[in-house]
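**Q** Here's a structure for you.
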Amino acid sequence: LRITFLLSINFSFDIISCFYYTLKVIGNRAAGREFNVAESSIREWRKNEQRLRCDLKSIFNRTLHTVTNSLLLFHFLKF
């Protein structure tokens, strides 16, 4: 029986960034044990790190755009 989880881009990026900012985790296998994630997933995330960065940036920009539009709408509806 294999259980799969849909992990967020942010969580994936946190695991990738631990390679650069933490000395505690060294290698895919150690990171897998640390975060309870399959070693192959970490290997794939590290291979696609640039795409993950772009995805995270686009999600942030969309969220920022939505919040900005909501604030503008709220401001105009208030008056």
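The values are calculated or read from the model by the stated rules, or taken from the named source; none is laboratory data. Predicted, not measured: the structure shown is a model, and the values here were computed from it. FYI the Cβ positions are ideal-geometry reconstructions off the backbone, even for glycines, and counts take in every protein chain you see.
**Q** Just to verify a result, which residue in the range 36-56, among those that are out of contact with any helix residue (DSSP H, G or I) (no Cβ under 7 Å at 6 or more places or on another chain) and over 15 Å from Ser17 (Cα atoms), is modelled with the highest pLDDT?
**A** Taking the candidates together, the pick is Ser40.
**Q** Now for a different question. Does at least one position in the range 25-34 carry a residue that is part of a loop (DSSP other than H, G, I, E, B), at pLDDT 75 or above, β-branched (Val, Ile, Thr) and surrounded by 13 or more Cβ atoms within 10 Å (Cβ to Cβ)?
**A** No, the range 25-34 contains no residue that is part of a loop (DSSP other than H, G, I, E, B), at pLDDT 75 or above, β-branched (Val, Ile, Thr) and surrounded by 13 or more Cβ atoms within 10 Å (Cβ to Cβ).
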